[in-house]
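The values are calculated or read from the model by the stated rules, or taken from the named source; none is laboratory data. What you are looking at is a predicted structure, and each value in this text was computed from that prediction instead of being measured. Because the Cβ atoms are built from the backbone with ideal geometry, glycine has one as well, and the counts that use them run over all protein chains shown.
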Amino acid sequence: RWRQRLFWDPIRLNPEKLEDFHLAIRRQNAPCLSSFAFIDGTIRAVCHPIEGQERIYNGHKHVHAMKYQSVATPDGIIVHLSGPYAGNRHDSRLFEMSGLAPILWTHAKGDQNCQLTLYGDPAYTVSDIMQRPFHTAGISHEEKLYNEHMSK
């Protein structure tokens, strides 16, 4: 009953509301020019399986786990939830597997049909629908300020 709305709710995420979210982020003096929401993967530990443990073992956290992807808007509401995925998957792979990208290309539009983006952590790949912090090695002063401001 709720599956489609947890994936993308076109009633709640209409162009006017997306623009409101985008402007709410901008009102916080965020240097991120086009984001309307924030994306992240989360990991939930599970019991050690008897078979197939390598598929769900997360070497980064050193646990057997399942992963989920969520998108939250500035009002704190989760507007997208996908998973579970095997614990050994990278966050950028979760994004690919979720099928969210085509929805964003089609529906995440702001004023004058401009493309709006998600803001994610460094695990995500920068694209026309995704922004993230700059890599810290060799960044300019402005890029460092951008990272600091967006991390708040």
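Summary table below
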quantity	calculated
Test: residue in segment 120-140 that is of a type in the set (S, T, N, Q) and within 19 Å of F7 (Cα to Cα)	no
Odd one out for G59 among (1) closer than 23 Å to F7 by Cα; (2) in contact (Cβ under 8 Å) with a residue 24 or more places away in the chain	(1)
Residue match in segment 49-71 (condition: aromatic (F, W, Y) and over 26 Å from P133 (Cβ atoms))	yes
Any hit, segment 92-115, residues being among the hydrophobic types (A, V, I, L, M, F, W, C), touching a strand residue (DSSP E or B) at 6+ places or on another chain (Cβ under 9 Å) and modelled with pLDDT under 90	no
Verdict on G41 being within 27 Å of M150 (Cα to Cα), touching a strand residue (DSSP E or B) at 6+ places or on another chain (Cβ under 8 Å), free of Cβ contacts under 8 Å to residues at least 24 places away in the same chain and not polar (S, T, N, Q)	no
Qualifying residue in segment 72-87 (condition: in contact with a Pro (Cβ under 8 Å, 6 or more places away or on another chain), among the β-branched types (V, I, T) and without any contact (Cβ under 8 Å) to a residue 60 or more places away in the chain)	no
When residues of segment 20-44 are limited to those that are of a type in the set (S, T, N, Q) and in a loop (DSSP other than H, G, I, E, B), the one modelled with the lowest pLDDT	N29
Residues that are small (G, A, S) and over 28 Å from W8 (Cβ atoms), drawn from segment 46-83	G52, G59
